[in-house]
Amino acid sequence: MFWFCRTAVKGPYRVQKGNDMSETVAAGPAVSIRSMSKWYGDFQVLKNINLTVKFGERVVICGPSGSGKSTLIRCLNRLEVHQDGDIVVNGVELTMDMKKVEAVRREVGMVFQSFNLFPHLTVLQNCVLAQRRALKRSKQEATEVAMRFLTQVRIPEQRDKFPGQLSGGQQQRVAIARALCLEPKIMLFDEPTSALDPEMVNEVLDTMVGMAKTGMTMLCVTHEMGFARQVADRVIFMDAGQIVEQNDPESFFTNPQHERTKAFLGQIL
Amino acid sequence: MFDFRFYEIWREPEYIDRLLHGCLVSIELSTAGGILGMILGLVLVSAQGKSSPKLLSGFAQGYIETVRNTPFIVQLFFVAFGLPQLLHYRWSFEASALLAMTLNFSAYFAEVVRAGISSIPTGQIEAAGSLCLTKRQIFLDIVLPQALCNVYPSLTSQFVFLFLTTGLISEIGVEDLTWAGRFVADRNFRDFEVFIVLTVLYVAIVFGYKAIFNALNRYAFPWRSIR
């Protein structure tokens, strides 16, 4: 089931696992957030967030800008530091301990709104670098893995180009491949299609749908409601730093409970 | 009408020898000073990193400010005459000149690169962090190459400026190009012609440096042209 995100050849650094799915499920939820709060100075961006995401679950987070949805998923790999409550990702609690942060980041991939590819590295080098540094893979193995995921996102032929030579959609697909190269268990998407031309949105969404089919745990901040309907197990609506409502997509879109959700959906649908 | 007498310079083989030797000394010292200054400059940049100890980064900052806010000739005299008195040890004028140029260039280099580093968008650092790179790896693999690319034009002009300041090292008796020019002019009294020749030589050497820098630019930053 995990052929998409697991390498065939594993180095000595990785523990060989028989069945990832059963073991990880047994180990507890992918993400568990308990009464977490975060402030920027005096301004409270996240207020008492409680959220549990199971392995294999696909969660879409939506809400107006400034509602804290990006901040929330950035807390999950400690790009942002929370001040109160706890966050446990893949069984590891996020604290100031950099060892734990690295352990979490090794299992959590992230895709950004502005791609954030490294402009000084070719497409292939972008995918190889972290494998070499973080997983200490050999150059040959890293290249093989990178090519596998570049093929997966359907741009293997662009391997020797620099990001600046690619279209936005292609860049975002490389960014997805780059994150997958570390073979994460959880993928975070921070508005992956918001910076794209309308024509290119679909090629990126298709890639994400393909990933969802492999059983990847996904947390996705997006306003692509079609995507949410198609792949999400759960849609979360946030406003003013709080989770206002969460439900399966069908109920969420057809029968929203809160006035704020209704107003928001009325605006965007 | 002024009587141009350039042949007063190339009539004497010794004059030509002195001038060519001066060119070589200037090129050698500025190249060596540039490379050593670059290395020391990178050390200074690293010392100012967010995670380096306060004392170290304070020292680096103080050093950079001191060097950038004093005249080169004062630094040169300090190294050539001040330090030997303190240490009771005398070294050659060339060594003094090289040391002064290295110290001087390192401070300017560090300051320019620091500006380049702050020009790197935080998204790059976040992406690298999310890929589980350590702070050190982020600096060396992601931030520094892009920063050097961004400030490369300023760095080259800073280096050209370093090469031109070699003119000052003739003050402590290093036989550089300016020294050679004065040597010739003092003997044939054709100051105008001599300094015209010096001007042409300096410009020619700087053009040579620029050609090298352009080639180096294409080789070191292949991604630049297509951004």
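Summary of computed values
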read-out: Most positive-pole-ward Cα, A:THR71, B:GLY22, B:VAL113, against dipole of the protein assembly as shown from beta carbon charges; value: A:THR71
read-out: Size of the A/B contact, given as accessible area buried on both chains, probe 1.4 Å, in Å²; value: 2000 Å²
read-out: Region A:93-134 - convex hull of alpha carbons, volume per residue in Å³; value: 101 Å³
read-out: Spatial separation of Cα centroids for region B:3-18 and region A:194-218, in angstrom; value: 75 Å
read-out: Surface per residue (accessible, 1.4 Å probe) for the protein assembly as shown, Å²; value: 47 Å²
read-out: Cα extents of the protein assembly as shown along the three principal axes, largest first (Å); value: 99, 50, 48
read-out: Per-peptide average of other Cβ atoms within 10 Å, ordering A:135-145, A:65-75 highest first; value: A:65-75, A:135-145
read-out: Listing of region A:86-110 residues, each with accessible area lower by at least 40 Å² in the full protein assembly than in the chain alone (probe 1.4 Å); value: A:GLU102, A:ARG105
read-out: Violating pairs (Cα-Cα greater than 31 angstrom) within the set A:LYS69/A:LYS100; A:LYS54/A:LYS139; A:LYS69/B:LYS135; value: A:LYS54/A:LYS139
read-out: B:TRP223, B:TRP91, reordered so the largest accessible area comes first (probe 1.4 Å); value: B:TRP91, B:TRP223
read-out: Label-to-label distance, nm, for residues given as B:ILE35 and A:VAL81 (7 Å Cα→Cβ offset); value: 4.3 nm
read-out: B:ILE27, B:ILE205, A:ILE236, reordered so the largest accessible area comes first (probe 1.4 Å); value: B:ILE27, B:ILE205, A:ILE236
read-out: Within chain A, longest stretch free of exposed chymotrypsin sites (Phe, Trp or Tyr not before Pro) [DSSP loop, at most 16 other beta carbons within 10 Å]; value: A:14-269
read-out: All-pairs alpha carbon distance profile, chain B, 10 Å steps from 0, percent; value: 7, 26, 29, 21, 11, 4, 1, 0
read-out: Crossing angle, helix A:198-213 versus chain A [Cα axis fit, 0-90 degrees, rounded to tens]; value: 80 degrees
read-out: Accessible surface of the protein assembly as shown, 1.4 Å probe, proportion on carbon and sulfur as whole %; value: 59 percent
read-out: Computed Kirkwood radius, in angstrom, where 1/r is averaged over Cα pairs of region A:22-137; value: 15.8 Å
read-out: Debye log10 I(q)/I(0) for region B:1-129, one point scatterer per Cα, at q = 0.15, 0.19, 0.22 Å⁻¹; value: -0.84, -1.09, -1.26
read-out: Neighbouring partner chain Cβ atoms per residue of A:113-122, average, 10 Å criterion; value: 6
read-out: Cα-centred dipole magnitude for the protein assembly as shown, charges only on beta-carbon of K, R (+1) and D, E (-1), debye, nearest 20; value: 1260 debye
read-out: Principal axis box of chain A, alpha-carbon based, largest edge first, Å; value: 55, 41, 38
read-out: Cα-based Rg of region B:92-175 normalised by 2.2 N^0.38 Å, two decimals; value: 1.47
read-out: Calculated Rg and Dmax of region B:1-71 using C-alpha coordinates, Å; value: 21.8, 67
read-out: Area of A:VAL209 that stays accessible when all protein chains are in place (1.4 Å probe, Å², to 10); value: 20 Å²
read-out: Extreme residue, positive dipole direction of the protein assembly as shown, given options A:THR207, B:GLY173, B:PHE189 (C-beta unit charges); value: A:THR207
read-out: Which of A:LEU121, A:GLN131, A:GLY168, positive extreme of dipole for the protein assembly as shown (C-beta unit charges); value: A:GLN131
read-out: Within chain A: Cβ-based charge dipole about Cα centre, in debye rounded to nearest 20 (Lys, Arg +1; Asp, Glu -1); value: 1000 debye
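The values are calculated or read from the model by the stated rules, or taken from the named source; none is laboratory data. As the structure is a prediction and not an experimental result, all values here were calculated from the model. Because the Cβ atoms are built from the backbone with ideal geometry, glycine has one as well, and the counts that use them run over all protein chains shown. Just the protein is used for accessible areas: all its heavy atoms, side chains included, with ligands, DNA and RNA removed. Shrake-Rupley method; radii C 1.70, N 1.55, O 1.52, S 1.80 Å.
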